[in-house]
Amino acid sequence: MGMPDIGDAVDKAIGKCQDAVALTDVVIKTRSWHIFLYGQNSIIVEGTPVCPSKKNE
């Protein structure tokens with residue numbers, strides 16, 4: 001129910017990696033389907049997490 005929020009989707013994507021503060025190489029996708037009055041909308045955010053505690057190798 002309701003509309004998806006892109007801010008929540010980004011927060012969930014960042015939260016999947018402990019200590020991540022941002023994402024790089026971000027791809028944002030939307031998906032939706034509807035049958036008469038019933039349906040679903042979603043936002044998918046994918047990217048590489050930026051973790052300041054990990055040094056680049």
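In the stretch 46-57, the count of residues that are surrounded by fewer than 11 Cβ atoms within 10 Å (Cβ to Cβ) and in contact with a Gly (Cβ under 6 Å, 6 or more places away or on another chain) is zero. Within the stretch 36-57, residues that are more than 21 Å from V10 (Cα to Cα) sit with their Cβ atoms under 8 Å from residues that are exposed (fewer than 10 other Cβ atoms within 10 Å of the Cβ) and at pLDDT 90 or above, at 6+ positions apart or across chains, in these pairs: G39/W33. So, D11, is that one without any contact (Cβ under 8 Å) to a residue 12 or more places away in the chain, outside any strand (DSSP E or B) and open to solvent by 70 Å² or more (accessible area, probe 1.4 Å) or not? Yes: the conditions hold for D11. All of V21, V26 fail the test of being open to solvent by less than 80 Å² (accessible area, probe 1.4 Å) and among the β-branched types (V, I, T), apart from V26.
The values are calculated or read from the model by the stated rules, or taken from the named source; none is laboratory data. If you're wondering where the values come from, they're calculated on a predicted model, not measured in any experiment. Glycine also receives a Cβ, built like all others from the backbone with ideal geometry; neighbour counts cover every protein chain displayed. With ligands, DNA and RNA removed, areas are computed over all heavy atoms of the protein, side chains included. Shrake-Rupley method; radii C 1.70, N 1.55, O 1.52, S 1.80 Å.
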